[in-house]
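Please treat every number below as a calculation from the coordinates, not as lab data. Keep in mind that this is a model prediction, so the values were computed, not measured. Note that we place each Cβ from the backbone using ideal geometry, even for glycine, and neighbour counts take in every protein chain shown.
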């Protein structure tokens, strides 16, 4: 039977109907695959059809997701799988899950086999006098040829992990003896070796417990995400629970009880933290350390959640504002109590913008500081929290404090709302283009600040680092192109220059398929953005005007480290008028900063540590000989000692909470303590100290 199932619409994409046949009508997986693949082909920026190119990418990514370490599959398994490497596009076209079903069957079998292997290997002591090496980089290994070779690989892995654990136990005991610490019982080498193997055995027991709880939905999600990642690194399939968690992260709020939970190795779910101001905090009985045994919806019968996966348990604990949940709790003293909690809106304050005053010792110069962890937005509520509105409020508060300049800190800010970054940029410039956006079809269009009012026209610095991405790069690039601000930080930012849209897959099928809903969502890359000067930030990122040593310099981070990325290009520049009072003498500011950085011991250590980490990353093979291993570890520990206290000392800059904020939290001891801890940490931030010095020298 032919049915018109999907109606698809995206910006700059023609509305289209896709007619196709659903084999075995009602099978959710087939409908999900159909809707997902049609959405990718119709809506993705690159416009790839699912062909041999995508099939090869899908195969590679999916096999890596199943067994990246090459510890489960045998070479013979891979030879079987490779027959389908360039046929997955045909299977997808036929709505066939033959390859998927085959891999799931074999990976489950291989994991069951390995579960027996690890426990068998760990039953006997290792010979740590033997000279042998263990290779840790899977890319330098092939899949084991047979079960004997696989067992040997696991023997070396387990020996390596036991060796590391044993070294820690020996070091603790040696230090206790040296310090004459009688609280530590001195054990024989043999006893410590048994303890080390026991700890590794427990780790793997827990790992396999979690593996056994993976179901077909989890495996299918991995398969579909390998497909979406074959288009680009930022397209992704999100099952309903994952989409709900994403919405929480981007909005900074959710409906529930306000408790952070942890799944323990014994299958129990423990309360890790109570969020201040939340429903749990107000009710008062639930505490960190409590174990949740059962969950009841109001007066209904309780559901036992012992042994349940954390993500599943959370679905029963969260719920609509105003509804009641009753938790059966085991307290640390062993007592069992039932705690009723009325769910409410839980606000995660750490996700929102906040500000402080920075002052250097002996200086009257006041620098306003705004920390923005992400470009958050509440998509479900037009009147909800928006980062652009919040930053506008922080600017007004800082203006009331008569600051001489403002630092906008976008370090580690991975992006968020495109509309909010346009509105936020408009706070610092007169009306004009902020970013150019180009879809799969048609010409680029310009997102503009249309409000001629400038919220703040004073000195401005934008701080970035390697993890500043997407919307952060749009704002930094716009401020740089307008000569509105100085960009200070890592040499280049992350380099993510694409725009994603969430597609509710339920909206792609008609009402006759209500029985398979919810299908989930597709995060789809639909556009690419460009600076107003015409250059893309994709791959290249934003180059800082004044460079500070990169604390992530020894780690491979950024868009350029991913496979199958969308390439860099450029388009014509937009018509824009640069800031009428541009920053003068940037080269002079840069020279002064470079001189200070060169004389700063901590910054020198950052550069030195980056080089050290790069060299260490190149070493992937390690000795399994105890004496040689311990000698090497001691050498590395000695080398690392000089880096232990980087940025631990108080700088010449002190941070203060704004009077308006202190008045607002007056009487709330938890929030006051949190504010004090935050401003104290700012006072130890050498990057912030150097940026304040740059700010004071700006003309």
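Within region 448-498, the proportion of Cα pairs with more than 13 Å between them is 61 percent.
Packing here is the average count of other Cβ atoms within 10 Å per residue, and on that basis the peptides 497-510, 221-234, highest first, run 221-234, 497-510. Relative contact order, whole percent, for region 49-230 stands at 34, derived from Cα pairs under 8 Å and 6 or more residues apart.
Pairs of alpha carbons in region 418-460 separated by more than 13 Å make up 54% of all such pairs. Here, region 444-556 is characterised by an Rg to Rh ratio of 1.14, where Rg is the alpha-carbon radius of gyration and Rh the Kirkwood radius. Taking the Cα atoms of region 547-699, the ratio Rg/Rh between the radius of gyration and the Kirkwood radius comes to 1.09. Region 376-426 and region 125-160 have Cα centres spaced 52 Å apart. According to the Kirkwood relation over distinct C-alpha pairs, the hydrodynamic radius of region 272-423 is 18.8 Å. For region 394-485, the Kirkwood radius over C-alpha pairs fed into Stokes-Einstein at 25 °C and 0.890 mPa s yields D = 177 µm² per second.
Note on the chain: antiparallel DSSP beta bridges, both residues inside, total approximately 80 percent of the bridges counted. Relative contact order for the chain using alpha-carbon pairs under 8 Å, separation at least 6, rounded to a whole percent? Normalised by residue count, the contact order of the chain is 13 percent. Treating each Cα of the chain as one equal point scatterer and applying the Debye formula with no solvent, the log10 of I(q)/I(0) at q = 0.05, 0.08, 0.11 Å⁻¹ comes out as -0.30, -0.82, -1.53.
Taking every Cα-Cα distance in region 253-347 and sorting them into 10 Å bins from zero, the calculated P(r) comes out as 18, 56, 25, 1 percent. The translational diffusion coefficient of region 49-230, from Stokes-Einstein at 10 °C and 1.306 mPa s with a Kirkwood hydrodynamic radius over alpha carbon pairs, comes to 84 µm²/s. A crude spin-label estimate for the pair residue 83 and residue 578, with each label 7 Å from Cα along the Cβ direction, gives 6.5 nm.
Working from Cα pairs under 8 Å separated by at least six residues, relative contact order for region 638-699 is 43 percent. Using the rule -39500 (n - 2.57) for each DSSP H run of four or more residues, divided by the residues of the chain, the 222 nm mean residue ellipticity is -12500 deg cm²/dmol.
How would 470, 621, 657, 278 line up from fewest to most surrounding beta-carbon atoms within 10 angstrom?
The fewest-first ordering by Cβ neighbours comes to 621, 657, 278, 470.
Each peptide among 546-557, 186-197, 686-697 gets the average number of other Cβ atoms lying within 10 Å of its residues, and from highest to lowest they stand as 686-697, 546-557, 186-197.
Could you rank the peptides 568-581, 81-94 by their average count of other C-beta atoms within 10 Å per residue, with the highest value first?
By packing density, highest mean first, the sequence is 81-94, 568-581.
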